[in-house]
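**Student:** Just dropping this structure here.
Any read-out appearing in this document is the output of simple, stated calculations on the displayed coordinates, not a laboratory observation. It should be emphasised that the depicted structure is a prediction, and the values quoted were computed from it without experimental measurement. Positions of Cβ are generated from backbone atoms using ideal geometry, with glycine treated the same way; all protein chains shown enter the neighbour counts.
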Amino acid sequence: MRKEDKVLGKVLLSFDIEEFDFPREKGEDFSLEEGVKVSGEGLLKILDILKKTGVKGTFFVTGNFAKERPELVKRIVREGHEVGAHGVDHFEPKETDVKEAKEILEKVLKGEKGFKGVKGWRQPRMMKINYKELVRQGYFYDSSVNPAFIPGRYNNFKVKREVYWALEKEGKQGGILEIPASVATGARIPMFWLALHLFPFKMYSALAKNVLKKEKYFTTYFHPWEFTDLSRFPVVPGYIRHNSGEKLEKRLFELIRELETAGAEFGTYTELWEEFVGFGKNLRNKSSLD
Ligand SMILES: [Zn+2]
């Protein structure tokens, strides 16, 4: 069998590198320094897993985190991963963040080998985004949509589940490509971070392979703090603490191995964007997605 015949699809792993602000969200007094410290610990664990497995991912980093831990953000790029923006202050998003976050990241990463600019945006807590502002600030793609129903957060049941042009050719770079998080089956089971905590591992990996077979790519996202010892924070509900820390490290490691064995390739969000605009090696037939 030729290699191309074996390729199941492309996996886009992403990580939202924000200051841990869960206690703040629950009304506790929790400083930015503490939040950055927790996420810094988790980021090291993620980078180690990716290094061990030899796969590349995309990291959406907040301006706060980049200012507090510039060395770690440089390490992300040095190890071959992509850096996108995830707002400035994760707890208090502002409209001006689209511009400011990019400026902060580009300043921190200027001159770093392999850094090609900030091209992607992810809105904190996957809230609504202003696509026109993304074009104005020079972003190429957005990845702030989870096309599922998450009680208390959003209902995106009617939003397109596959990659689509959110703004086509309204600005330079041909508009904004929306790369939603993957959902499984007709019931749109969310395949985001929490699902890897809660589903039996075999079920999660089988659903992911299913998405890969059907849609030719699979996207998901995690946060660094999930990979730390969350028993320190009783404010974090039990269902989030379940399979967190070392258990989640093991699950992510095994998921990568299993998808790789099944014939999946791993890449960055910009690589997928390149395929859609025709710069990529494996140009996709766009009409099949409409
Ligand atoms: Zn976030």
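**Student:** Order the peptides 230-238, 95-103 from the highest to the lowest mean number of other Cβ atoms within 10 Å of their residues.
**Tutor:** 95-103, 230-238
**Student:** Still on this structure, please answer the following. Within straight cross-link reach of residue 94, meaning Cα distance under 22 Å, which lysines are found once same-chain residues fewer than 8 apart are removed?
**Tutor:** Straight-distance partners of residue 94: 26, 67, 102, 107, 119, 128, 132.
**Student:** Next up: When a/c reaches 1.5 or more, the comparison of a/b and b/c decides; with that in mind, is the chain rounded, prolate or oblate per its Cα gyration tensor?
**Tutor:** It is rounded, given that a/c, with a ≥ b ≥ c, falls under 1.5.
**Student:** Can you list the aspartates and glutamates whose alpha carbon is less than 13 Å from that of residue 250, not counting same-chain residues fewer than 8 positions off?
**Tutor:** Of all the aspartates and glutamates, those that pass the test against residue 250 - Cα under 13 Å, at least 8 places apart if same chain - are 48, 226, 258.
**Student:** Then there is this: How high is the FRET efficiency between residue 71 and residue 202 when r is their beta carbon distance and R₀ equals 35 Å, given to the nearest 0.05?
**Tutor:** 0.35
**Student:** Figure the gain on full extension for residue 127 and residue 95 (residue separation times 0.36 nm, minus the Cα-Cα span) and round it to one decimal in nm. Before the final figure, lay out each step's value.
**Tutor:** Details: separation 32, 0.36 × 32 = 11.52 nm, distance 1.20 nm.
Stretched out fully, the residue 127 to residue 95 stretch lengthens by 10.3 nm.
**Student:** Cα gyration tensor of region 1-141, axes a ≥ b ≥ c as square roots of the eigenvalues: rounded (a/c below 1.5), prolate (a/b > b/c) or oblate?
**Tutor:** On the way: a/c = 1.67, a/b = 1.36, b/c = 1.22.
Judged from the Cα gyration tensor, region 1-141 comes out prolate (a/c at least 1.5, a/b above b/c).
**Student:** Continuing with the same structure: Normalise the Debye intensity by I(0) for region 25-105, one equal point scatterer per Cα, no solvent, then take log10 at q = 0.12, 0.25 Å⁻¹ and round to two decimals.
**Tutor:** -0.36, -1.24
**Student:** Going by how many other Cβ atoms sit within 10 Å of their own, how do 164, 239 line up, fewest first?
**Tutor:** Numbers: 164 17, 239 10.
With the sparsest Cβ surroundings first, the list reads 239, 164.
**Student:** Take residue 231 and residue 213, extend 7 Å from each Cα along the Cα→Cβ direction, and tell me the distance between the two endpoints in nm.
**Tutor:** So the label points at residue 231 and residue 213 sit 3.9 nm apart.
**Student:** Hey, rough spin-label estimate for residue 110 and residue 28, points 7 angstrom out along Cα→Cβ, what's it come to in nanometres?
**Tutor:** 3.8
**Student:** Quick one: net charge around residue 124, please, counting Lys, Arg +1 and Asp, Glu -1 for every other residue with C-beta under 10 Å from its C-beta.
**Tutor:** Net charge around residue 124: -4.
**Student:** Charges only on Cβ, +1 for Lys and Arg, -1 for Asp and Glu: so what's the dipole of the chain about the Cα centre, in debye to the nearest 20? Show your work: numbers first, answer last.
**Tutor:** Working: 50 positive and 44 negative charges, 209 e Å.
So the dipole magnitude of the chain works out to roughly 1000 debye.
**Student:** Work out the charge dipole of region 3-289 with +1 on the Cβ of Lys and Arg and -1 on the Cβ of Asp and Glu about the Cα centre, then indicate which of 167, 201, 185 is farthest towards its positive end.
**Tutor:** Going by the charge dipole, the pick is 185.
**Student:** Additional query: From the square roots a ≥ b ≥ c of the eigenvalues of the alpha-carbon gyration tensor of region 150-229, which class results: rounded (a/c under 1.5), prolate (a/b over b/c), or oblate?
**Tutor:** In terms of gyration-tensor shape, prolate.
**Student:** Quick check: residue separation of residue 277 and residue 247 times 0.36 nm, minus the Cα distance between them. What number comes out in nm?
**Tutor:** Working it through step by step, the gained length comes to 7.0 nm.
**Student:** Now for a different question. How big is the C-alpha Rg of region 163-274 next to the rule-of-thumb value 2.2 N^0.38 Å, as a ratio?
**Tutor:** 1.22
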